[in-house]
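The structure under discussion appears below in the form of structure tokens.
The values are calculated or read from the model by the stated rules, or taken from the named source; none is laboratory data. The shown structure was predicted, so the numbers you read here are calculated from the model rather than taken from an experiment. All Cβ positions, even for glycine, are placed from backbone atoms using ideal geometry, and neighbour counts span all protein chains on display.
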Amino acid sequence: MPPEPPSGVAGDAWVLAHRGPRRPADPWRPSQCFAETEAGPEGVPEPGHTVILVNQECPFHCVMCDLWRHTLAGPTPAGAIPAQLDHARARLAGSSPLPPRIKLYNAGSFFDARAVPRADHSRVAAQLAGYRRVVVESHPVFVGDAARRFRDALTQARLEVAMGLETAHPAVLARLGKRMTLGQYAAAAERLRRGGMDLRSFVLVQPPFMPAAEAVAWAVRSVDFAFDCGATVVVLIPTRGGNGAMEALSARGDFQSPTLATVEAALAAGLQRRRGRVFVDTWDLARLADCPTCSAARLRRLATVNLTQQFPPLGGCPQCGIGTH
């Protein structure tokens with residue numbers, strides 16, 4: 001196994017060496033598809049569809065990423081993405097009329113031609129007729145002409161591009177393997193703005209290489225940076241382990257999972273900015289439950305915040321004393 005890089009995680013070889021096996025993935029079926037609800041632009045609950053596409057793995061091997069498990073080792077076959085959308089639309093056919101929004105997430109970059117072949121873009125756009133907003137995700141380096149052409153193909157919907165900012169801490173960002181600077185992120189955001197496309201930003205809560213005592217402050221600074229770049233939505237993602245590399249970092253003291261209280265404090269502070277919608281990724285959030293008395297109620301509150309953008313207080317917990325914010 002390659003030695004630990006002296007300055008942190010600086011290369012792909014170290015990350016790849018800590019990986020487990022990739023799970024079998026069918027390029028002709030989506031990984032998942034489901035209906036969901038989140039607060040819309042007016043701040044009221046808005047239904048939507050989400051499709052998790054199967055495609056070639058992202059070329060950037062970020063130290064915290066575990067999404068590669070559900071990806072293809074080689075380029076996505078032509079026609080596979082439209083086939084996945086046909087399958088998803090059939091599974092979601094009970095939604096009538098269509099909800100206003102659909103998210104196409106793909107464990108990589110929608111505008112990477114190896115992940116989503118360019119020749120399939122026009123067919124995908126046609127399949128999305130009836131939605132008013134289409135959200136795709138991409139690394140900033142791929143945001144350019146392909147994004148503008150896909151925007152033009154969506155004659156009935158506005159395009160929103162989700163980009164992982166991760167953190168506004170420049171030194172921490174440089175060690176994540178993202179191969180991106182804050183300046184490059186801001187430049188990609190400006191290309192979206194000039195092209196009439198919206199920006200959704202992903203921000204990590206307590207990424208590796210960040211002391212726990214600084215996690216909330218830097219999450220809030222990252223939220224501000226995203227809004228400064230023109231984001232209309234910021235999604236806070238509690239950093240998790242489970243991919244091998246993160247366990248290695250944890251063993252040497254470079255990563256500690258955030259507590260539920262840290263996530264709550266970051267979300268509450270982000271909402272107080274009142275600069276746009278702020279959500280928290282609730283996937284597998286129960287792993288942070290650390291109090292048998294109040295954790296369930298606090299987790300329900302976080303899910304409610306995603307619907308209402310309001311952070312209601314809870315009474316202080318008699319066991320841990322944390323429940324009030």
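Report, by residue number, each residue of region 11-34 that is in contact with a Pro (Cβ under 8 Å, 6 or more places away or on another chain), at pLDDT below 95 and outside any helix (DSSP H, G or I).
Selection gives 11 alone.
Counting only residues that are of a type in the set (A, V, I, L, M) and over 27 Å from residue 257 (Cβ atoms), which one in region 26-68 is farthest from the chain's Cα centre (by Cα)?
Checked region 26-68; the qualifying residue farthest from the chain's Cα centre (by Cα) is 44.
Determine the pairs where a residue that is in contact (Cβ under 8 Å) with a residue 12 or more places away in the chain and under 16 Å from residue 52 (Cα atoms), located within region 73-87, has a partner that is among the β-branched types (Val, Ile, Thr) and part of a loop (DSSP other than H, G, I, E, B) with Cβ atoms under 7 Å apart, the partner being 6 or more residues away or on another chain.
What qualifies is 76/116; 81/116; 84/54.
Can you work out which of the residues in region 260-310 that are without any contact (Cβ under 8 Å) to a residue 40 or more places away in the chain, outside any helix (DSSP H, G or I) and not charged (D, E, K, R) is nearest to residue 227 (Cα to Cα)?
Across region 260-310, the extreme among qualifying residues is 310.
Being modelled with pLDDT under 95 and surrounded by fewer than 17 Cβ atoms within 10 Å (Cβ to Cβ) narrows it down to one residue among 179, 149, 114; which is it?
Selected residue: 179, the only one of 179, 149, 114 that is modelled with pLDDT under 95 and surrounded by fewer than 17 Cβ atoms within 10 Å (Cβ to Cβ).
Looking at 199, 236, 204 in this structure, which one is under 15 Å from the mean Cα position of the chain (by Cα) and without any contact (Cβ under 8 Å) to a residue 40 or more places away in the chain?
Step by step, each of 199, 236, 204 is checked, and only 199 is under 15 Å from the mean Cα position of the chain (by Cα) and without any contact (Cβ under 8 Å) to a residue 40 or more places away in the chain.
Look at region 91-135 and say how many of its residues are in a strand (DSSP E or B) and touching a Lys or Arg at 6+ places or on another chain (Cβ under 8 Å).
5
Look at region 240-259 and say how many of its residues are farther than 10 Å from residue 208 by Cα, among the small types (Gly, Ala, Ser) and either touching a strand residue (DSSP E or B) at 6+ places or on another chain (Cβ under 8 Å) or not in a loop (DSSP other than H, G, I, E, B) (or both).
Here the count works out to 3.
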